[in-house]
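Engineer: Can you read through this structure? Questions will come right after.
The values are calculated or read from the model by the stated rules, or taken from the named source; none is laboratory data. Keep in mind it's a predicted model, so treat the numbers as computed, not measured. No Cβ is skipped: glycine too gets one built from the backbone with ideal geometry, and neighbour counts run over all protein chains shown.
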Amino acid sequence: MHNAAYASLGMNRTYAAFRVTSEKLALALRAIPPLGIVGVNLTVPHKEAAARLIKDLSGEARVLGAVNCVVNRRGVLRGDNTDARGLERDLRELGCELRDRLAIVIGAGGGAAAAVLTCLRLGAKRIVIANRTPARASALARRFSAKGVTRTAGEPRGLDALVDPELLADARLIVNATSMGLTTERFARLAYSSTADDCLFYDLIYSREATAFLKPAIAAGRRASDGAGMLINQGELAFKLFNRVDAPAGVMRAALLKALGRDPGAVV
Ligand code: NAP
């Protein structure tokens with residue numbers, strides 16, 4: 001996506017992937033200024049660790065406790081996070097109306113934090129945070145109330161929430177913000193048929209095929225979207241942070257859809 005944007009703008013810059021282990025994260029971050037790298041994106045499992053390592057954080061990265069984007073500002077690293085804004089833009093484009101409604105966020109890591117913030121911005125009245133490790137769901141809920149971001153407290157639960165028919169029937173949006181389906185073949189047990197007809201299933205994971213979380217939702221006739229739109233949006237925001245110019249319209253979207261083997265004209 002980024003290289004397509006550089007080519008389109010005729011910029012002599014390149015975006016490359018580095019495989020970095022958790023033990024080497026601090027070292028890799030320290031290498032950014034001396035190598036003259038303008039910025040980096042970080043993904044699983046580095047986002048929360050980076051927020052602890054980088055001193056200068058944007059307000060959003062601080063609230064989320066996660067960094068997905070590091071900008072080299074004349075040798076000083078600034079940690080930012082474009083995930084929530086990327087997801088919010090995509091959900092608005094999908095017509096997701098959450099005002100005074102219930103949303104369920106599955107997961108409690110950096111992606112889940114971005115999803116919770118997005119649901120708050122979309123006006124959700126109730127947000128249930130369902131996670132394999134309930135203590136992490138509680139910690140995420142506490143982070144939002146402690147930061148005074150909202151009076152709507154996230155309600156921490158275990159994954160048993162996903163088979164609670166009353167809860168599911170009330171949900172307008174269910175977001176998968178775990179790596180289930182990415183690192184595992186199966187998704188957790190979820191009572192898809194208990195959800196309302198207008199419930200939107202959104203998977204932060206993006207892939208060529210429907211994900212393990214979305215397949216049963218599609219089979220049950222529910223609306224479903226994967227995270228390609230979020231990825232495109234957060235990428236365009238990161239491009240602006242790195243290069244101080246707007247990404248050329250539609251170029252990053254077309255590049256990602258091509259890489260995923262999807263019709264570039266398709267709405268994701
Ligand atoms: P993370 O901080 O590592 O969190 C991972 C989450 O997945 C935790 O809640 C963890 O539960 C849960 N999990 C992992 N394996 C599990 C399993 N086998 N069963 C049940 N729960 C499991 O990761 P993240 O940064 O939040 O990212 C989460 C996902 O979102 C990733 O797949 C990532 O690719 C995707 N993502 C996509 C975009 C996009 O632009 N589309 C942006 C951000 C993230 P525990 O707390 O119990 O360990």
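Engineer: I need a count of the residues in the stretch 245-256 that are assigned to a helix (DSSP H, G or I) and over 27 Å from R186 (Cβ atoms). Lay out the reasoning, then the answer.
Structural biologist: Step one: list which residues in the stretch 245-256 are assigned to a helix (DSSP H, G or I), which gives 251-256.
Of the ones still in play, those that are also over 27 Å from R186 (Cβ atoms) are 251-255.
Result for the stretch 245-256: 5.
Engineer: Next question, about the same structure. If I filter the stretch 217-244 down to residues being away from the ligand (no atom under 16 Å from the Cβ), touching a residue at least 12 places away in the same chain (Cβ under 8 Å) and in a loop (DSSP other than H, G, I, E, B), which single residue comes out as farthest from K258 (Cα to Cα)?
Structural biologist: Looking at residues that are away from the ligand (no atom under 16 Å from the Cβ), touching a residue at least 12 places away in the same chain (Cβ under 8 Å) and in a loop (DSSP other than H, G, I, E, B), I get A220.
Engineer: Something else about it: Quick check on this structure: which one of A66, A49 is within 10 Å of the ligand (Cβ to nearest atom) and assigned to a loop (DSSP other than H, G, I, E, B)?
Structural biologist: Values: A49 fails: assigned to a loop (DSSP other than H, G, I, E, B).
Result: A66 is the single residue among A66, A49 that is within 10 Å of the ligand (Cβ to nearest atom) and assigned to a loop (DSSP other than H, G, I, E, B).
Engineer: Condition first: touching a residue at least 60 places away in the same chain (Cβ under 8 Å) and more than 13 Å from the chain's Cα centre (by Cα). Now tell me which residues in the stretch 66-79 satisfy that.
Structural biologist: First, pick out the residues of the stretch 66-79 that are touching a residue at least 60 places away in the same chain (Cβ under 8 Å): 68-69, 71.
Hit for the stretch 66-79 is V71, nothing else.
This table checks each residue for (1) closer than 22 Å to G65 by Cβ; (2) among the acidic types (D, E); (3) loosely packed, with under 15 Cβ neighbours inside 10 Å.
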{"site": "D160", "(1), (2), (3)": "no, yes, yes"}
{"site": "V163", "(1), (2), (3)": "no, no, yes"}
{"site": "L167", "(1), (2), (3)": "no, no, no"}
{"site": "R172", "(1), (2), (3)": "no, no, no"}
{"site": "L182", "(1), (2), (3)": "yes, no, no"}
{"site": "T195", "(1), (2), (3)": "no, no, no"}
{"site": "F201", "(1), (2), (3)": "no, no, no"}
{"site": "T211", "(1), (2), (3)": "no, no, no"}
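Engineer: Residue by residue through the stretch 158-216, note down the ones that are assigned to a strand (DSSP E or B) and either at pLDDT below 95 or away from the ligand (no atom under 16 Å from the Cβ) (or both).
Structural biologist: Of the stretch 158-216, the ones assigned to a strand (DSSP E or B) are 171-176, 200-203.
Of everything in the stretch 158-216, those that are assigned to a strand (DSSP E or B) and either at pLDDT below 95 or away from the ligand (no atom under 16 Å from the Cβ) (or both) turn out to be A171, R172.
Engineer: I've got another one for you. Consider the stretch 1-46. How many of its residues are closer than 27 Å to T178 by Cβ, aromatic (F, W, Y) and surrounded by 15 or more Cβ atoms within 10 Å (Cβ to Cβ)?
Structural biologist: The qualifying residues number 1.
Engineer: Please name all residue pairs, on different chains or six or more residues apart, with Cβ atoms under 7 Å, provided the first residue is in the stretch 97-114 and is of a type in the set (D, E) and the second residue is surrounded by fewer than 21 Cβ atoms within 10 Å (Cβ to Cβ).
Structural biologist: Matching pairs, first to second residue: D100/G123; D100/K125.
Engineer: Looking at A113, A61, A130, A141 in this structure, which one is within 27 Å of A188 (Cα to Cα) and away from the ligand (no atom under 11 Å from the Cβ)? Full working, then the answer.
Structural biologist: Details: A113 fails: away from the ligand (no atom under 11 Å from the Cβ); A61 fails: within 27 Å of A188 (Cα to Cα); A130 fails: away from the ligand (no atom under 11 Å from the Cβ).
A141 is the lone residue from the list that is within 27 Å of A188 (Cα to Cα) and away from the ligand (no atom under 11 Å from the Cβ).
Engineer: Might you let me know whether the stretch 50-57 holds any residue that is under 22 Å from L182 (Cα atoms), of a type in the set (V, I, T) and either modelled with pLDDT of 95 or more or out of contact with any strand residue (DSSP E or B) (no Cβ under 7 Å at 6 or more places or on another chain) (or both)?
Structural biologist: No, the stretch 50-57 contains no residue that is under 22 Å from L182 (Cα atoms), of a type in the set (V, I, T) and either modelled with pLDDT of 95 or more or out of contact with any strand residue (DSSP E or B) (no Cβ under 7 Å at 6 or more places or on another chain) (or both).
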